[in-house]
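Structure, as structure tokens:
The values are calculated or read from the model by the stated rules, or taken from the named source; none is laboratory data. No experiment lies behind these values; they were computed from the predicted model shown. Here the Cβ is made from the backbone with ideal geometry for all residues, glycine too, and neighbour counts use every protein chain on show. For the accessible areas, the whole protein counts, side chains as well, though only heavy atoms, and no ligand, DNA or RNA atoms are used. Shrake-Rupley method; radii C 1.70, N 1.55, O 1.52, S 1.80 Å.
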Amino acid sequence: DHRDLHSFPTRRSSDLRLELMVTERAVEPAREGVDVALLLDPKPDPAVRSRILGRFELYPVASPRFIARQGRPEEPDDLERFRCIGTLPEERWHFAGGPVSVRPVLAVNRWEVAREAAVAGIGIARLPVFLWHSDYERSELLPVLGQEPAGASEAVARFRPSRYAHPAVRAFLEQLSTTFAALEPWPRGA
């Protein structure tokens with residue numbers, strides 16, 4: 001789903017302007033004339049220059065309503081018996097003790113949609129903290145296995161090699177790295 005392009009000034013430089021395009025498809029910076037493409041958990045592409053901006057853990061979360069109806073898993077293997085929300089019809093969530101296979105009752109291609117479904121009580125979703133920390137503060141989503149992550153994801157910038165040398169692109173990538181580094185790894189009080 002394509003959204004309108006938006007231009008807005010950044011706080012660090014009032015003369016720097018960005019065009020932001022949100023899309024569900026993979027963008028090829030060199031072919032499409034895009035300076036930087038941001039991806040969450042992309043498949044490696046050795047033909048494209050890239051930079052990891054941040055890495056974040058994914059945690060299974062559910063609504064208090066879901067937990068009251070269905071209970072809470074006591075250990076990762078219990079997830080095989082619970083209604084889960086994922087990104088694929090079948091997936092493996094990676095815990096310290098090994099992977100756990102889940103068959104999501106709802107598979108969606110956007111974490112934001114998985115978050116909404118979890119808040120609605122449909123099942124347990126595996127999400128990065130930055131997407132659910134506000135829901136936790138409002139008691140709408142709770143981690144179901146404490147601070148045990150179910151894998152991790154990376155935010156990656158892909159860019160055209162010829163444009164990386166431009167100071168504005170370098171500054172943009174540095175600011176994104178700083179922003180990802182400042183994300184809280186765990187909600188306060190959880």
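In a fully extended conformation the segment linking Arg103 and Leu39 would gain 20.6 nm over its present Cα-Cα distance, using 0.36 nm per residue.
What number, rounded to the nearest 500 deg cm²/dmol, is the helix-based mean residue ellipticity at 222 nm of the chain, given -39500 (n - 2.57) per DSSP H run of at least four residues and division by all its residues?
Details: 6 runs with 48 residues, N = 190.
Here the helix-only value at 222 nm equals -7000 deg cm²/dmol.
What is the local net charge at Gln70, summed over the other residues whose Cβ is closer than 14 Å to its Cβ (Lys, Arg +1; Asp, Glu -1)?
Working: positive: Arg65, Arg69, Arg72, Arg81, Arg83; negative: Glu74, Asp78, Glu80.
That sum, taken over residues with Cβ under 14 Å, equals +2.
So how do Leu173, Leu40, Leu131 rank on accessible area, 1.4 Å probe, biggest first, that is with the largest at the start?
On the way: Leu173 0, Leu40 90, Leu131 35 Å².
Ranked from most to least accessible, the order is Leu40, Leu131, Leu173.
Indicate the helices, whole DSSP H runs only, in the chain that combine a mean Kyte-Doolittle hydropathy of -1.0 or more with a Cα extent along their long axis of 24 angstrom or more.
On the way: long enough: none.
In the chain, no H run is both long and hydrophobic enough.
Heavy-atom accessible area of Leu183 with all protein chains present, probe 1.4 Å, nearest 10 Å²? Rounded to the nearest 10, that gives 60 Å².
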